[in-house]
Amino acid sequence: MARGRPGPDVVEERGQTIAERYLTMPHTERGMVVGLFGGSFNPPHHGHALVAEIALRRLRLDKLWWMVTPGNPLKNHGELAPLAERIAACEALLHDPRITVTAFEKRLGTSYTAHTLSQVKQRNPHVHFIWIMGADNLRSFHHWQNWQTIACTFPIAVIDRPGATLSYLSSTMAHRFGRARIDESDAGVLWQRKAPAWTFIHGPRSTLSSTALRKSDVLKD
């Protein structure tokens, strides 16, 4: 897929500007294996970076799109920092050239993952994508809009998070798609599986959370 034509900065709703490169879907090449790691990242932290690191290594990704969303429909937007600030914080946190910070969902005009993944698939038919999420999201995954459609669009890699290790056994998603789960020893070939297909990857875990960090900042004020 060719890159979009460069244009002017786009004014974000709180009066801040976002560079064009963040609003255009990242470039891909035929046959690439690309991980999609989305979230509000409010704020981003080393726990998020650890998930990305594990995903790159265990899934044998060529690239990882770090997708900063305009806002999670299931979360309180009153505490949401401006998109431009969250993009800058993610860029400051990351140093691996295989990771591309992007906010192309802003231009798509959607916060719903099912619609985003449909657009990604349509525009990149010759790329192998894997949806990546932390295990803490697996527990509430069945509350996402069209969650079963998401599971049937791209393979999914669930990365372990503190306090959520058993979610792969108890979650609604795990029960509904139990037969589609592959052992984590085969995570490196997950991209070859046709969705629905998913795996749960154990590994180092960080106790950091965006919620705790926001509360910490409030206490400092």
If I model a spin label at D183 and H27 as a point 7 Å from the Cα along the Cα→Cβ vector, what separation in nanometres do I get? 4.0 nm
Highest first, please rank the peptides 120-129, 51-60, 179-188 by the mean number of other Cβ atoms sitting within 10 Å of their residues. 51-60, 120-129, 179-188
Here the gain from full extension of R107 to V10, 0.36 nm per residue of separation minus their alpha-carbon distance, amounts to 34.0 nm
Inter-label distance for E85 and S170, nm, one decimal - labels placed 7 Å from Cα along Cα-to-Cβ: 3.5 nm
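Since every read-out is calculated from the coordinates, none of them should be taken as a lab result. Predicted model only: the values in this text are computed from it and were never measured. FYI the Cβ positions are ideal-geometry reconstructions off the backbone, even for glycines, and counts take in every protein chain you see.
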